[in-house]
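Below is one structure, written out as structure tokens; the observations come after it.
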Amino acid sequence: MDTATRPSGIPSHSPRYTEALACAAELHRNQWRKGKAVPYIAHLITVSALVWEDGGSEDQAIAALLHDAIEDAGQSHASIDRQFGTEVADIVLACTDTEGPVALGGEKEPWIIRKTRTIEQLGSQSEAALLVMAADKAHNARDMVVDTRVDPRVWGKFRAGLDGSAWYLWSVRDRLKDQLPGSRSVALLGEAVEEILRSPALLARVPAELTPEAWVKGYLERPQTHPKD
């Protein structure tokens, strides 16, 4: 493997990144990927790697490691700011799709409210935050596709099922493709979305007069299919 793209002896990352990796591992040590025996830290490491590969900065790669720390690990913007700086904290907050006192034990808002707000706010997010969000969605979508190739019933383990997951991932990709042209993560997300749209499980739901894209886009008009939070 060629590792000589930079002068010898120059570190590829600082001790801050190592600290963030240890911090993420501790914060999520008792969490697992949905429906399987994979430690949650595997997702965080992959998202961070995708950010590096997409040309992201160290702050963005650190934020990728911590992108669920507010939503799922009891952290706050202030606590992340103190340890890793404002830029990292701002990105993590942008990646947090819930509002309210979740970190204090409160309940998350309904799925459809959180995801609709995330989609609506993509247009006002910083490019730094979008790069991390794209990597997160790319890994989640790829994971879903690979798992459901083996068993389409796996869609049932996700709160929104196939219908809601397809709509959400399609909607995010539809916006990010214009906001992050040339992004590797957006390309990976797009590939996963296309596979979902062409999957037998989804095509079986689409009326003959509609394309898969049109049917997925109309998800909000079918409230009977929304998850009951």
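Coordinate-derived values only; no laboratory data. These figures come from a predicted structure and were not determined experimentally. Positions of Cβ are backbone-derived with ideal geometry, glycine not excepted, and every protein chain shown enters the neighbour counts.
Things worth noting here:
- Calculated from backbone phi, Karplus (6.51, -1.76, 1.60) coupling profile of segment 146-155 in Hz, x at Gly/Pro: 5, 5, 7, 4, 6, 8, x, 5, 4, 3
- Treating r as the C-beta distance of GLN179 and HIS13 and R0 as 25 Å, the FRET efficiency rounds to 0.40.
- Pair LEU220, ARG117: separation of 7 Å Cα→Cβ label points (nm): 1.5 nm
- Residues ILE45, ILE91, ILE80, ranked from the fewest to the most other C-beta atoms within 10 Å, line up as ILE45, ILE80, ILE91.
- Measure of compaction for segment 14-96 (Cα Rg per 2.2 N^0.38 Å): 1.00
- Total formal charge among the other residues, if their Cβ is under 9 angstrom from that of ALA63, Lys/Arg +1 and Asp/Glu -1: -3
- Radius, Kirkwood style, for the chain when every pair of distinct Cα atoms is counted (Å): 18.6 Å
- Under 22 Å from LYS115, Cα to Cα: lysines that are on another chain or at least 8 residues apart: LYS34, LYS137, LYS157, LYS177, LYS217, LYS228
- The string of couplings for segment 191-203 from the Karplus curve (6.51, -1.76, 1.60, θ = phi - 60°) is 4, 5, 4, 4, 5, 4, 5, 9, 6, x, 4, 7, 4 Hz, one whole number per residue in order, with x for Gly and Pro.
- Rounded to the nearest 500, the 222 nm mean residue ellipticity of the chain from helices alone is -17500 deg cm²/dmol, with -39,500 (n - 2.57) taken per DSSP H run of at least 4 residues.
- Modelled FRET efficiency - R0 22 Å, SER124 with GLN31, Cβ distances, 0.05 increments: 0.15
- Cα centroid of segment 153-168 to Cα centroid of segment 18-68, whole Å: 23 Å
- Amide H contacts under 5 Å for TRP32, placed H, 5+ residues apart: TYR40
- Based on C-alpha pairs under 8 angstrom that are at least 6 apart in sequence, the chain has a relative contact order of 17 percent.
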